[in-house]
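Colleague: First the structure, which I've put down as structure tokens, then a few questions once you've had a look.
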Amino acid sequence: MSKSQVVKPVVDLVSLDAKWISKWKQSTNNRSLNPKKYASIPKTKKIYSLSMFPYPSGILHMGHLRVYTIADSLARYYHLKNYDVIHPMGWDAFGLPAENAAIERNTTPNEWTSSNISKMKQQMELMLADFDWERELTTCEPEYYKWTQKLFLLLFENGLAYRKKAEINWDPIDNTVLANEQVDSNGRSWRSGAIVEKRLLEQWFLGITKFANDLNKDLDLLNDWPSKVTTMQRNWIGESHGAELKFNIETNLNLPLNSIDVFTTRSETIYSVQYLALAFDHPIVQQLSKSDHNLQKFMDNHRQQQQQQQQQYDEVSKEGYRLSNLWAINPLDSDIKVPIFVAPYVIGSYGHGAVMGCPGHDTRDYEFWLNNMGSEAKVIKTVDPIGEVDSAELPFTDKIGIMNENAGSLKGLQTDEAREKVIKMLTESGMGSHKTNYKIRDWLISRQRYWGAPIPIIHCNHCGPVAVPDEDLPVKLPKVDKLLGKGGSPLSQIPEFVNTSCPSCGDPHAKRDTDTMDTFMDSSWYMFRYIDPLNDKEMFSKEMAKKYLPIDQYIGGIEHAILHLLYTRFIAKFLKSIGMIEDGEPIKKLISQGMVHGKTYIDPTTGRFLKPNEFELNSKGEAIIKENNKIATISSEKMSKSKYNGADPEECILKHGADSTRAHILFQAPINEILDWDEKKIVGVERWLRKVLNIASTLSTRPKVTTIKPLEEYNESEIQFHNEIQNYLSSINDSFERTLSLNTVISDYMKYTNKLTLELNNNSINDQIYRSAFENLLILISPVTPTVAEESNEILNGVNSKSILLSNWPESSDLISNLISYNVMINGKMRFVHKSTPDMILNEQKCMNEIMDSEQGKKWLQDKTINKMIMKKGAVVFIVK
Ligand code: ANZ
Ligand code: ZN
């Protein structure tokens, strides 16, 4: 390679953004920032690469920047590989914040939302994210929510949407119902912070529990999901194998039931049952509380505990209320009669809302028993530990043990044998059976809110709830000038909306449902709409579903590990059950990206978060608090306004350019780990990108060599160069395709570039080999840093050259590490060295052809008649005339 002066690139990184955005847009008719996307190239395979759509808050934060950089880089990579890429974007646009913002700002949720959407779209362009805007969807637009309503009606027709009076969590500040998950462990609303109250309301539920078994079982198929997420889902579904047992009641009272069913996972403890405990909403308790004032009082006193759900057993009261004149008869021995209590610790909605109390074997039951029967109360124990262990321990809670003499005919059996035996005996007598229970509850979707998809149901005095006919969909949200944000459901205050006629019997006094749907409903199926976004006949066509589903990779935050993903899996299973899609699992690979943290400065004396202008950094990197000269504590915490530790993606891009920002955010941490944002470190990435531009400038001053040097003629440095470059290529490939180790991609880029820089002014690498390695580098970096790739290509090949983004991803070629040198002897004289694979001398024809075709071979052997060729290890001998 000839020496020449290094030409410094004239461009600065930031200015590249505007230049290339405008060029790309021109070349794609404003459709895209990636010319490859609409190039007419035969496609190899499809890839549906999805990132979780954002709530249109109006500002792109660092978390967005991170997830969309990951997603965009992957999509660009697959475009270079000529995949049919689906990479859509949309807006999860319904929900409380828009409604609250509208109330605060005296605007409408609609206006607020659409202005936010356009702001965020601009920011996405600024970060060079190239989404399929022709697939864009917005959940608050009638074209979309028409199909959300249709989905609801399909569920309704199939018995999976039903109404039930339910105790709901009521937020007295926001005046709305909250899902259980929206109530924190202190019983407060996640949003307003108010103590949540309970109310009874007629609500819409979706029957997710009907799919509980499949939702649990199919988690086993999700090998490409983080195990953390599948574990969280498994716990949430809470499958529990046990039995249900029936206890007859002995009483002189008039009760709605003459027996009590309980769910137990420990049937073998049946002879240790000393009482039954019932939940507050058990039918027997409901009935008795009507006439028993003391019971009413007890329930009122403990309702709070009953409400704060028995999530933390220890905190729930051990108090009970004994029901007089009431006994439960042991189903295996009618001589054993036990008392019945009402107890706050029994969960009304789990199992049968009734527990068989075994003080000898369950800690909770033990404490309850002593608390209510006196500390000296007798405790019956029917299981002992196996072996020589002390058997006096109370309660004995091990699941594994041996039945003792208190266990009647079970004596001597191991617990698991006894368990099966009890269930068998009870099954035969009709007093019990195997049962699998789930913790998961049906999905409450009613919201007493304005800004959501109206539930497409009309209530008729004669017909009950009636589906709005398809031709009347969507049921549009009525326009409002002003939202008050007080009282019940806003839609119920709009008579023109409420009053209608019954689609079934025509009764003119029918009323529309005034609730709107939980926004999780909008997001539970948006990925299906993306595949056929303009379809005005159906949610999506089966053909498109077949072509593009399942989602190959879904990228988003861990905060959606449970609900959103569970709802989506549920809807997929439902759509499969009605034949609309083929895969019951809609998401092949799940990628959960880590959070972005910011450096947080804290006053060590007061614990107060410090604003950037309240301290100064000294040369040791310490932060000295101006007010008191103390050294601030520095920690890394989730970015938030109140901690003054946020960083604005837009600012960073305007200062350093989109390429640097993108590469920096990928480089700083593996995608699934916490990223500690540190803008200062971006200089490393900037330095790297300048090196790339530098090489382009230098090469542009050299004549372009096109003759391709054959591999077998590579000299030592070229072989070493070739192999090193090939190693980077396969590592980068593997990272994009398999490991998603995108931080490694950036370090491979840097190493690749360093190798090129090192060889730039050595003469050891052939110009063409070098240049082609550089052009490959530009293709490789273009998914992450498209402007520098383009600019370098333009510097190198001129303004009219074809966009580098139109290239194909370089094929990897074999390493040539195992080439060996053959001394070629002609008529007894050593003439030249030929490099080839060790197997060259295994095949006479190959050996002959290879040597004759090589440059040296031609020179020495062209016009000669070869009498004989002898192949040896490391040498080839010719006898010629
Ligand atoms: C008798 C027994 C003996 C129990 C023993 C446990 C230990 P998982 O595994 O979570 O499903 N239980 C049943 N229904 C309940 C309800 N509505 N509210 C509160 N607790 C309830 O738990 C099943 C166990 O939880 C059941 O097994 C029952 O107590 C209790 F040594 O029955 B067990
Ligand atoms: Zn009717």
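The values are calculated or read from the model by the stated rules, or taken from the named source; none is laboratory data. Note that the structure is a prediction, hence the values are computed from the model and not measured. Note: ideal-geometry Cβ built from the backbone for every residue, glycine included; neighbour counts use all protein chains shown.
Colleague: When the residues of segment 744-784 are narrowed to those that are β-branched (V, I, T) and either touching a strand residue (DSSP E or B) at 6+ places or on another chain (Cβ under 6 Å) or closer than 20 Å to T706 by Cβ (or both), which ends up surrounded by the fewest Cβ atoms within 10 Å (Cβ to Cβ)?
Modeller: I779
Colleague: Could you grab me the full set of residues in segment 446-482 that are at pLDDT below 95 and crowded, with 19+ Cβ neighbours inside 10 Å?
Modeller: S446, R447, Q448, R449, Y450, W451
Colleague: Scan (1) away from ligand 2 (no atom under 16 Å from the Cβ); (2) assigned to a strand (DSSP E or B); (3) free of Cβ contacts under 8 Å to residues at least 60 places away in the same chain for the single condition S492 breaks and write down its number.
Modeller: All conditions are met except number (2).
Colleague: Looking at segment 509-528 only, could you name the residues that are surrounded by 24 or more Cβ atoms within 10 Å (Cβ to Cβ) and of a type in the set (D, E, K, R)?
Modeller: Across segment 509-528, the qualifying residues are D515, D518, D522.
Colleague: Here is a follow-up. Pull out all pairs, ordered by first then second residue, where Cβ-Cβ is under 9 Å, the residues are six or more apart or on different chains, the first lies in segment 502-523 and is more than 16 Å from ligand 1 (Cβ to nearest atom), and the second is part of a loop (DSSP other than H, G, I, E, B) and of a type in the set (D, E, K, R).
Modeller: Correct list of pairs: D515/R449; T516/R449; T519/D92; D522/D92; S523/D92.
Colleague: Sticking with this structure for a sec: Go over the candidates P226, P256 one by one and state the one that is farther than 30 Å from S489 by Cβ, away from ligand 1 (no atom under 16 Å from the Cβ), without any contact (Cβ under 8 Å) to a residue 60 or more places away in the chain and not polar (S, T, N, Q).
Modeller: Exactly one residue qualifies, and that residue is P256.
Colleague: A further question on this structure: Name every residue in segment 236-253 that is of a type in the set (V, I, T) and within 16 Å of ligand 1 (Cβ to nearest atom), in order of residue number.
Modeller: Correct list: I237 only.
Colleague: Still on this structure: Please work out which one of (1) touching a strand residue (DSSP E or B) at 6+ places or on another chain (Cβ under 8 Å); (2) within 16 Å of ligand 2 (Cβ to nearest atom) is the condition L477 fails and give its number.
Modeller: Every condition holds for L477 apart from (2).
Colleague: Same structure again: Can you tell me which residue among V11, V6 is more than 31 Å from the chain's Cα centre (by Cα), modelled with pLDDT under 95 and either more than 30 Å from N715 (Cβ to Cβ) or not aliphatic (A, V, I, L, M) (or both)?
Modeller: V11
Colleague: Here are Y77, Y68: which of them is farther than 28 Å from N645 by Cβ, assigned to a helix (DSSP H, G or I) and within 26 Å of the chain's Cα centre (by Cα)?
Modeller: Answer to the check: Y77.
Residue-by-condition table, conditions (1) among the hydroxyl-bearing types (S, T, Y); (2) more than 25 Å from the chain's Cα centre (by Cα); (3) modelled with pLDDT of 95 or more:
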{"site": "E104", "(1), (2), (3)": "no, yes, no"}
{"site": "I117", "(1), (2), (3)": "no, no, yes"}
{"site": "E125", "(1), (2), (3)": "no, no, yes"}
{"site": "R135", "(1), (2), (3)": "no, no, yes"}
{"site": "E143", "(1), (2), (3)": "no, yes, yes"}
{"site": "L151", "(1), (2), (3)": "no, no, yes"}
{"site": "E157", "(1), (2), (3)": "no, yes, yes"}
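Colleague: Between residues in segment 544-567 that are without any contact (Cβ under 8 Å) to a residue 12 or more places away in the chain and residues that are of a type in the set (G, A, S) and outside any strand (DSSP E or B), which pairs lie under 7 Å by C-beta distance while being six or more apart or on different chains?
Modeller: Every condition considered, no pair remains.
Colleague: What is the one condition in (1) more than 16 Å from ligand 1 (Cβ to nearest atom); (2) closer than 27 Å to K573 by Cα; (3) β-branched (V, I, T) that T209 does not satisfy?
Modeller: All conditions pass for T209, except number (1).
Colleague: Right, another one. Please list, ordered by first then second residue, the pairs with beta carbon atoms under 9 Å, 6 or more apart or interchain, first in segment 315-331 and outside any strand (DSSP E or B), second buried (at least 16 other Cβ atoms within 10 Å of the Cβ) and among the small types (G, A, S).
Modeller: Pairs that qualify, where the first residue is outside any strand (DSSP E or B) and the partner is buried (at least 16 other Cβ atoms within 10 Å of the Cβ) and among the small types (G, A, S), are V316/A343; S317/A343; K318/A343; E319/A343; G320/A277; G320/A343; P331/G432.
Colleague: To continue, here is another question. Take segment 259-304 and flag every residue that is outside any strand (DSSP E or B), away from ligand 1 (no atom under 11 Å from the Cβ), surrounded by fewer than 19 Cβ atoms within 10 Å (Cβ to Cβ) and among the hydroxyl-bearing types (S, T, Y).
Modeller: Across segment 259-304, the qualifying residue is only S291.
Colleague: Report whether or not I708 is more than 24 Å from E791 (Cα to Cα), of a type in the set (A, V, I, L, M) and surrounded by fewer than 16 Cβ atoms within 10 Å (Cβ to Cβ).
Modeller: Judged against the criteria, I708 is a match.
Colleague: Restricting attention to segment 810-833, does a residue exist that is farther than 30 Å from M869 by Cβ and not polar (S, T, N, Q)?
Modeller: yes
Colleague: Here is a further query. Taking segment 499-547 as the search range and keeping residues that are within 16 Å of ligand 2 (Cβ to nearest atom) and in contact with a helix residue (DSSP H, G or I) (Cβ under 6 Å, 6 or more places away or on another chain), which one is farthest from I587 (Cα to Cα)?
Modeller: It comes out as K511.
Colleague: Still on this structure: Scan segment 638-667 for residues that are under 21 Å from the mean Cα position of the chain (by Cα) and outside any helix (DSSP H, G or I) and jot them down.
Modeller: K638, M639
Colleague: If we keep just the residues of segment 723-743 that are touching a residue at least 40 places away in the same chain (Cβ under 8 Å) and over 17 Å from I779 (Cα atoms), which is surrounded by the most Cβ atoms within 10 Å (Cβ to Cβ)?
Modeller: Once the filter is applied, the top-ranked residue is L740.
Colleague: Which strands (runs of 3 or more DSSP E) does segment 400-468 wholly contain that include 2 or more residues that are touching a Cys at 6+ places or on another chain (Cβ under 7 Å) and within 16 Å of ligand 1 (Cβ to nearest atom)?
Modeller: In segment 400-468, no matching strands (runs of 3 or more DSSP E) lie anywhere.
Colleague: Could you look through segment 528-551, keep only residues that are part of a loop (DSSP other than H, G, I, E, B) and in contact with a Leu (Cβ under 8 Å, 6 or more places away or on another chain), and pick out the one that is nearest to L151 (Cα to Cα)?
Modeller: Checking each candidate, the answer is M539.
Colleague: Please specify each residue of segment 185-241 satisfying the condition of being basic (K, R), assigned to a helix (DSSP H, G or I) and farther than 26 Å from T264 by Cα.
Modeller: If the condition is that a residue be basic (K, R), assigned to a helix (DSSP H, G or I) and farther than 26 Å from T264 by Cα, then K228 is the only one that fits.
Colleague: With (1) modelled with pLDDT of 95 or more; (2) more than 30 Å from E585 (Cβ to Cβ); (3) buried (at least 21 other Cβ atoms within 10 Å of the Cβ) as the list, and W327 as the residue in question, which single condition is left unmet?
Modeller: That leaves (3) as the condition not met.
Colleague: Taking the condition of being more than 8 Å from ligand 1 (Cβ to nearest atom) and either on the phi > 0 side of the Ramachandran plot or buried (at least 20 other Cβ atoms within 10 Å of the Cβ) (or both), how many residues in segment 330-359 meet it?
Modeller: Of the residues in that region, 8 qualify.
The rows are residues; the columns are (1) hydrophobic (A, V, I, L, M, F, W, C); (2) free of Cβ contacts under 8 Å to residues at least 24 places away in the same chain; (3) more than 16 Å from ligand 2 (Cβ to nearest atom); (4) outside any loop (DSSP other than H, G, I, E, B).
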position	(1), (2), (3), (4)
V355	yes, no, yes, yes
F368	yes, no, yes, yes
E388	no, yes, yes, no
S391	no, yes, yes, no
L394	yes, no, yes, no
